[in-house]
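Only one structure is covered here, and it is reproduced in the block below.
The values are calculated or read from the model by the stated rules, or taken from the named source; none is laboratory data. Source: prediction; values computed, not measured. Neighbour counts are summed over all protein chains in view; Cβ atoms, including those assigned to glycine, are modelled from backbone coordinates with ideal geometry.
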Amino acid sequence: MSALLEMRNISKTFPGVKALENVNLEVHSGEIHAIVGENGAGKSTLMKVLSGVYPKGEYGGQIFFDGQEREFRNIRDSEKLGIIIIHQELALVPLLSIAENMFLGNEPAKGGVIHWPETFSRTRALLKKVGLNEAPATLVTNIGVGKQQLVEIAKALAKQVRLLILDEPTASLNESDSEALLNLLLEFKAQGITSILISHKLNEISKVADRITVLRDGSTVETMDCHKETISEDRIIKNMVGRAMEDRYPARVPNIGEEIFSIEDWQVFHEFHAGRRVIKGVNVNVRRGEIVGIAGLMGSGRTELAMSVFGRSYGRNISGRVKLDGREIDVSTVEKAVKNGLAYVTEDRKHYGLVLDDTIKNNITLASLGQISRRGVIDEVREIGVANDYRKKLNIRSPNVFQKTVNLSGGNQQKVVLSKWLFSNPKILILDEPTRGIDVGAKYEIYTIMNSLANEGRGVLVISSEMPELLGICDRIYVMNEGAIVGEMLAKDGSQENIMRAIMRAGAAA
Ligand SMILES: Nc1ncnc2c1ncn2[C@@H]1O[C@H](COP(=O)(O)OP(=O)(O)OP(=O)(O)O)[C@@H](O)[C@H]1O
Ligand SMILES: [Mg+2]
């Protein structure tokens with residue numbers, strides 16, 4: 001196979017950060033090339049260099065595409081050659097329709113007027129190619145993340161793609177949507193489209209990649225050929241983190257006591273459709289020292305449950321009781337929920353979790369200013385100490401705690417959100433997809449923290465779409481479907497099949 005793309009000695013620095021140092025990457029025509037590496041290793045930055053987000057002059061090294069050296073000044077330049085990037089954070093406009101998003105800035109027009117029939121019929125054809133069964137007029141906000149991802153890909157197809165770059169496309173997708181997306185990549189490959197896939201889900205990589213390049217600390221470690229030899233996940237991990245990892249989950253010896261937390265008869269109605277019941281009489285409890293999981297498919301109501309409990313951040317006409325140590329507590333606002341011992345680590349860090357324009361330090365202490373203040377004045381030295389502590393403990397990659405979080409890699413942003421809530425010293429910690437976009441090594445660190453929180457006698461409630469993760473870290477698991485609890489099992493008796501069966505059974509009964 002010939003090289004479609006060659007990146008030679010690519011270097012890129014940000015103030016105080018050497019993000020890439022002499023990185024080499026060669027992508028063959030027609031292959032699926034995976035790029036893996038820890039959070040902050042430089043994967044997204046490398047792809048931004050490739051696609052012209054960082055133009056010539058802002059990086060060192062050379063890019064060859066189709067055998068010719070290229071110097072892109074912007075994204076349009078790389079798109080003209082068919083290099084299309086789908087970024088880690090989706091870029092669709094929520095309040096526009098699928099069709100409008102599809103041709104934004106590129107609308108089929110006649111005499112300066114958008115030609116809607118053509119826009120719609122072309123959209124329909126593209127949606128068909130990616131297997132998405134939605135009307136072109138549907139607003140993007142009304143479809144789930146999985147489908148939005150497919151719209152992004154359909155949009156790439158509209159542009160005559162030759163090299164499709166997907167930066168963690170399945171991070172927020174459930175198993176079946178992920179599988180569909182990977183199959184789509186394989187289909188594209190059959191049609192001769194080359195892709196670059198960045199993912200922290202190593203099982204997916206093993207499934208579709210022809211070759212795998214590992215980045216570590218801004219440098220290329222190795223490119224492995226999956227057709228020449230079998231590449232085990234352990235080998236990939238070793239390359240990524242620089243050492244072998246014996247286990248994915250830390251050993252856990254639970255010490256479970258009496259019930260400390262419960263949500264009782266919880267009912268929530270939809271924020272906009274007053275008649276739609278989103279949470280239907282849910283009962284959930286957590287005992288001292290216990291890690292409890294909530295499994296379910298995307299859209300099963302798990303996030304709505306957590307958010308409605310956490311200061312009514314979601315929903316209306318909420319009814320039911322929340323109890324801590326047997327006494328009902330007031331969780332009617334976020335302030336009250338926090339004061340009464342709850343913390344909630346959101347799945348949507350961009351919207352709810354972080355003040356992007358502020359520093360790591362300020363984000364970490366934001367929910368607990370009382371702890372670092374004396375007579376209402378913030379003790380800056382203490383604050384810096386606390387932030388540094390968490391930076392070390394969770395291995396947040398940044399030169400110091402004064403970096404704005406907007407400049408952190410996706411995984412490192414998540415670690416800041418987690419630090420913020422750990423520092424609030426909660427009695428009950430609710431985690432919503434806590435390891436989304438987090439590398440294997442850092443996942444282990446997060447599991448270890450969950451374990452020690454539980455061992456300190458706190459309760460941990462964790463929502464995750466990754467069933468192996470729930471089975472690996474929880475003591476007990478609830479299964480949720482369509483806003484109701486439809487199953488409950490001890491993790492040691494559980495399996496992915498058991499969880500799926502509970503969901504299916506509930507689906508069939510309804
Ligand atoms: N605009 C920026 N300003 C300053 N530093 C940046 C900027 N963008 C990225 N960095 C830094 O460059 C390094 C590489 O980041 P990058 O986003 O490429 O990592 P990544 O491998 O994609 O990680 P993840 O798996 O978490 O997405 C990180 O240390 C990050 O903090
Ligand atoms: Mg990234």
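A quick yes/no check of all residues on (1) among the β-branched types (Val, Ile, Thr); (2) away from ligand 1 (no atom under 13 Å from the Cβ); (3) surrounded by 13 or more Cβ atoms within 10 Å (Cβ to Cβ); (4) farther than 27 Å from residue 441 by Cα:
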position: 363; (1), (2), (3), (4): no, yes, yes, no
position: 373; (1), (2), (3), (4): no, yes, yes, yes
position: 380; (1), (2), (3), (4): no, yes, no, yes
position: 390; (1), (2), (3), (4): no, yes, yes, no
position: 396; (1), (2), (3), (4): yes, no, yes, no
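Scanning region 101-124 for residues that are loosely packed, with under 13 Cβ neighbours inside 10 Å and within 15 Å of residue 157 (Cβ to Cβ) yields a single hit, 106.
Quick check: anything in region 135-150 within 30 Å of residue 35 (Cα to Cα), in the same structural domain as residue 193 (by TED's automatic domain parsing), outside any helix (DSSP H, G or I) and at pLDDT 85 or above? Checked region 135-150: no residue is within 30 Å of residue 35 (Cα to Cα), in the same structural domain as residue 193 (by TED's automatic domain parsing), outside any helix (DSSP H, G or I) and at pLDDT 85 or above.
Residue 243 satisfies every condition listed in (1) modelled with pLDDT of 90 or more; (2) part of a loop (DSSP other than H, G, I, E, B) except (1).
The residues in region 165-189 that are of a type in the set (Val, Ile, Thr) and either more than 16 Å from ligand 1 (Cβ to nearest atom) or in contact (Cβ under 8 Å) with a residue 40 or more places away in the chain (or both) can be counted, and the count is 1. Exactly one residue out of 506, 502 is over 25 Å from the mean Cα position of the chain (by Cα), surrounded by 14 or more Cβ atoms within 10 Å (Cβ to Cβ), over 29 Å from residue 441 (Cβ atoms) and modelled with pLDDT of 90 or more: that is 502.
Count of region 24-53 residues, restricted to those that are of a type outside the set (Lys, Arg) and either within 14 Å of ligand 2 (Cβ to nearest atom) or assigned by TED's automatic domain parsing to the domain that holds residue 399 (or both), is 17. Which one is nearest to ligand 1 (Cβ to nearest atom) among residues in region 1-48 that are in a strand (DSSP E or B) and among the small types (Gly, Ala, Ser)? Residue satisfying both the conditions and the ranking: 19. The number of residues in region 195-206 being under 20 Å from the mean Cα position of the chain (by Cα) and either outside any loop (DSSP other than H, G, I, E, B) or of a type in the set (A, V, I, L, M) (or both) comes to 8.
Please work out if residue 90 is within 24 Å of the chain's Cα centre (by Cα) and touching a residue at least 24 places away in the same chain (Cβ under 8 Å). So residue 90 passes the test. Scanning region 455-510 for residues that are more than 24 Å from residue 203 (Cβ to Cβ) and in a helix (DSSP H, G or I) yields 455, 505, 506, 507, 508, 509. Applying the condition of being in contact (Cβ under 8 Å) with a residue 24 or more places away in the chain and outside any strand (DSSP E or B) to region 74-87 and asking which residue is farthest from residue 63 (Cα to Cα) yields 87.
Note on region 406-435: among residues that are more than 17 Å from residue 463 (Cα to Cα) and hydroxyl-bearing (Ser, Thr, Tyr), the one that is farthest from ligand 1 (Cβ to nearest atom) is 424.
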